[in-house]
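To start, the structure itself, in structure tokens.
The values are calculated or read from the model by the stated rules, or taken from the named source; none is laboratory data. On a predicted model such as this, the values are computed, not experimentally measured, just so you know. To get the accessible areas, we keep the full protein, side chains included, count just its heavy atoms, and leave off ligands, DNA and RNA. Shrake-Rupley method; radii C 1.70, N 1.55, O 1.52, S 1.80 Å.
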Amino acid sequence: MEQTTRMFSLEEEKSIKIKQVMSDVYQALSEKGYNPIGQIVGYLLSEDPTYITTHDNARVKIQSVDRDELLSELVCSYLGVCNPSDS
């Protein structure tokens, strides 16, 4: 059996965490009947956590991610230029 070495990237792990958090927050907002995009944008612009529901621990989850890192991930993902080494 051949064993290969896998490179571990903290940036890649951070990107995966951010995507999971955003997915969880989006789902929690949807479940509570909110407009998830509007609420997330409100949070990003103001950094006011009350834009995010406490349902399913969404508020705690989104606050666990640095807002600058979150915005950076969103922009590079939108533009399709994300590279784990660039984040």
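General remarks:
One line per residue, one yes/no per condition, for (1) under 15 Å from the mean Cα position of the chain (by Cα); (2) among the β-branched types (Val, Ile, Thr):
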{"residue": "LYS32", "(1), (2)": "no, no"}
{"residue": "ASN35", "(1), (2)": "no, no"}
{"residue": "VAL41", "(1), (2)": "yes, yes"}
{"residue": "ALA58", "(1), (2)": "yes, no"}
{"residue": "SER64", "(1), (2)": "yes, no"}
{"residue": "LEU70", "(1), (2)": "yes, no"}
{"residue": "VAL75", "(1), (2)": "yes, yes"}
{"residue": "GLY80", "(1), (2)": "no, no"}
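- Residues (closer than 22 Å to SER77 by Cα and not aromatic (Phe, Trp, Tyr)) located in region 31-51: ASN35, PRO36, ILE37, GLY38, GLN39, ILE40, VAL41, GLY42, LEU44, LEU45, SER46, GLU47
- Residues of region 49-83 classified as in a loop (DSSP other than H, G, I, E, B) and open to solvent by less than 60 Å² (accessible area, probe 1.4 Å), total: 4
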